[in-house]
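Read the figures in this text as sums done on the coordinates, not as results from a lab. In this text the structure is predicted, and so the values were computed from the model without any measurement. For neighbour counting, all protein chains shown are included, and Cβ atoms are generated from backbone atoms with ideal geometry for every residue, glycine included.
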Amino acid sequence: MPGSVSPSPVAVDDAAPSPVAVSGPAHLLRVTLLMAGSCLPILGAVLIAPVLPKMQDYFAAVPGAKALVPLALTVPALALALLAPFAGVIVDRLGRKRLLVVATLLYAVFGTAPLWLQSLGAIIASRALVGVAEAAIMTCCTTLIGDYYSGQRRVKYLALQTMCASASATVFFVLGGAAGSAGWRVPFWVYGVSLVLAPLMATALPSSAAAGTTVTEAPGPSRRSFPWRQLAGICALTFFGAMVFYTVPVEMSYLLDDLGVKNTGVIGLATAIASAATMGGAITFARLKRSPDPMLPAVLAVCAVGFGLMFLAGNAPLLVVGAVVNCVGTGMLLPALLTSAMSRLSFEDRGRGTGLWTAAFFGGEFVCPLVLLAGESAVGTLAGAVGVLGVACALVAGGVFAVRRRAGAVDSRPLPEQLA
């Protein structure tokens, strides 16, 4: 991926003051709401993962249920991926705060719909609508971070998004597994939490205009074209990275089920342990004083090693160890990809670029179970398909490393700010 390894440095507006206060209770509440909103797509992605085997048993008589049930988990990502490139335009026309509040309310309506729906097709349709709401929520939250904060502080809160996502995934896995013990429909009640967030967002978040946000042209003799070439490579890598990132959340319950683990509480706990490793990886990345691009081959190699252990696992403990190793890598992979993408974008390109990166990431999440299902059909077992993905991950790591060496790239871009 030649276009992804040696971009021109992009300066960060360190000296620019943030348009809103950056301390005090109002600031804390604002950041909390933005991070909570950013976690809602993670809720959609992982909450019902522990109950997928129960859903599959319930809908066993439905033709194609083996492929359709996993789509109930990932189809929101397809809707998000399709809409994300256009979400910035919608946000600009309707206003960030207004759209965020409306989308958060609709998220509760669509998210709890499977409590009442009986048809698998109708449930998948409601999940697609969850993805529509998620596209608006994710775009609004990320855009508002850009509106409220500037310079390295903006980078800090973008990195904090990934850390909160990893932490929330751990909670959601445990919650989904525990609630799933009472029935596969029970976890869908959790989507109602957005009914609490929406009124708080309406009252506590200032509008961009009220925050004094202005759009200014970058200095220079002429307008620059959008950096398609620089962003294309990292978006392609992000699409693949999303498949790597979501393999454990989507497939862990099936892998444990294949090893004889049937209790959803145990499945949720095991997946939560792996998710905690993801959070550990994200924290490690935030505290490393390294530019992201040189780290990508090593991070992908760690992910490949984890997949290899999962492939070789003949018992649940070894499977969990492999998942933990893999998730340490994916915890570093997501913020590395996001920070690398952001460093390629000037201020006026950031919204469109973020939309494209988001589309690539959630597109990869959507195809993840389909790719593994195809791999399972080809090699005979799901564990074998995970092993094949591990080989692919190792090859991509080697390819990225080789391209960097050939290019002789020395990344001099600003480093991400360490989180306090």
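Summary of values
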item: Protection proxy ranking of 398-404, 244-250 - average other beta-carbon atoms within 10 Å, highest first; result: 244-250, 398-404
item: Highest to lowest packing among 28-39, 254-265, scored as the average C-beta count within 10 Å; result: 28-39, 254-265
item: In Hz, Karplus ³J(HN,Hα) per residue of the range 187-199 (6.51, -1.76, 1.60; θ = phi - 60°; x = Gly, Pro); result: x, 5, 4, 5, 4, x, 4, 5, 5, 7, 6, 4, x
item: The range 235-299 versus the range 361-379: alpha-carbon centroid distance in Å; result: 15
item: Phi-based couplings in Hz for the range 122-129 (Karplus 6.51, -1.76, 1.60; Gly and Pro marked x); result: 5, 5, 5, 4, 5, 5, 4, 5
item: Under the Karplus curve 6.51 cos²θ - 1.76 cosθ + 1.60, θ = phi - 60°, whole-Hz ³J(HN,Hα) for the range 173-178, x wherever Gly or Pro sits; result: 4, 4, 5, x, x, 5
item: Protection proxy ranking of 323-333, 384-394 - average other beta-carbon atoms within 10 Å, highest first; result: 323-333, 384-394
